[in-house]
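Asks: Here it is: the structure, laid out below.
The values are calculated or read from the model by the stated rules, or taken from the named source; none is laboratory data. Please read all numbers here as calculations on a predicted model, not as lab measurements. Here the Cβ positions follow ideal geometry from the backbone for every residue, glycine too, while neighbour counts run over all protein chains shown. SASA here: full protein model, heavy atoms, side chains in, ligands and nucleic acids out. Shrake-Rupley method; radii C 1.70, N 1.55, O 1.52, S 1.80 Å.
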Amino acid sequence: MLKTLALSLLFLACGGTGAMLSRAMQLRVRELERALQMLASLRAQLQYSRPPLPQMLGAVCEQSQHPAFLPHCLASMREGTAFPGAWRDAIESHCPGLRAQDRGHLLALGELLGASDAEGQREALLVQESLLETLLVQARAQRDTRGRAAFTLGILAGLTVMILLM
């Protein structure tokens, strides 16, 4: 009885590890997709209405699909923190699933927004959008191949351990 319970827990640990790795890859893809949607929304606002930066970020936050860090950035700005600092702090502390390379591109975006005229910002957003699209394509490919493999290997490793120890 105790041996069966221990083996079951070992199986769950292996399978859970594979599932967590797969989930992390899915989370990265979702956050990159949301960041791209944010960039498209910011670019459209800069092209047509040109509102102040806090208003633009607020409009993006009101959308159902926004990056996880954006509400934290906006809240920090409302508390009086300057935009570049609020952006940096939000990205460094509230970006689940993103890698350092992804964060680097988003941090660079914080230096561009509000730093030049609307046309310059739109051009910079286009460049950042193409870079994030490249990262998204890579993340999707990795999720589709390695994510499924990690989940399957976790389950198989758990089964193997169970069989060997029975």
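Conditions (1) modelled with pLDDT under 90; (2) open to solvent by less than 20 Å² (accessible area, probe 1.4 Å), marked per residue:
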residue	(1), (2)
Glu119	yes, no
Leu132	no, yes
Leu136	no, yes
Ala139	no, yes
Gly147	yes, yes
Ala157	yes, no
Val161	yes, no
Met166	yes, no
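Asks: So, one more: How many residues are part of a helix (DSSP H, G or I) and within 16 Å of Leu106 (Cβ to Cβ) if we restrict to segment 58-70? Outline the logic, then answer.
Replies: First, pick out the residues of segment 58-70 that are part of a helix (DSSP H, G or I): 58-62, 70.
Next, only the ones that are within 16 Å of Leu106 (Cβ to Cβ) stay: 60-61, 70.
Matching residues across segment 58-70 total 3.
Asks: Name every residue in segment 94-104 that is buried (at least 17 other Cβ atoms within 10 Å of the Cβ) and either in contact with a Leu (Cβ under 7 Å, 6 or more places away or on another chain) or farther than 14 Å from Arg28 by Cβ (or both), in order of residue number. Walk me through how you get there before you give the answer.
Replies: Here is the first cut: in segment 94-104, the ones buried (at least 17 other Cβ atoms within 10 Å of the Cβ) are 95, 97-98, 102.
Correct list: Gly97, Asp102.
Asks: Are any residues in segment 1-37 modelled with pLDDT of 90 or more and charged (D, E, K, R), and if so, which ones?
Replies: Of everything in segment 1-37, those that are modelled with pLDDT of 90 or more and charged (D, E, K, R) turn out to be Arg23, Arg28, Arg30, Glu31, Glu33, Arg34.
Asks: Continuing with this model, one more query. Could you list, in sequence order, the residues of segment 1-30 that are under 25 Å from Thr145 (Cβ atoms) and open to solvent by 60 Å² or more (accessible area, probe 1.4 Å)? Before the answer, list the steps.
Replies: Pass one, segment 1-30, residues under 25 Å from Thr145 (Cβ atoms): 11-30.
Of everything in segment 1-30, those that are under 25 Å from Thr145 (Cβ atoms) and open to solvent by 60 Å² or more (accessible area, probe 1.4 Å) turn out to be Leu12, Thr17, Met20, Leu21, Arg23, Gln26, Arg30.
Asks: For segment 71-109, enumerate the residues that are of a type in the set (A, V, I, L, M, F, W, C), in a helix (DSSP H, G or I) and without any contact (Cβ under 8 Å) to a residue 40 or more places away in the chain. Before the answer, list the steps.
Replies: Pass one, segment 71-109, residues of a type in the set (A, V, I, L, M, F, W, C): 73-75, 77, 82-83, 86-87, 90-91, 95, 98, 100, 106-109.
Next, from what is left, pick out any that are in a helix (DSSP H, G or I): 73-75, 77, 83, 86-87, 90-91, 100, 106-109.
Scanning segment 71-109 gives Cys73, Leu74, Ala75, Met77, Phe83, Ala86, Trp87, Ala90, Ile91, Ala100, Leu107, Ala108.
Asks: With (1) aliphatic (A, V, I, L, M); (2) part of a helix (DSSP H, G or I); (3) within 19 Å of Arg28 (Cβ to Cβ) as the list, and Ile163 as the residue in question, which single condition is left unmet?
Replies: The one condition Ile163 does not meet is (3).
Asks: For segment 75-93, how many residues are under 17 Å from the mean Cα position of the chain (by Cα) and either surrounded by 15 or more Cβ atoms within 10 Å (Cβ to Cβ) or within 14 Å of Gly114 (Cβ to Cβ) (or both)?
Replies: 5
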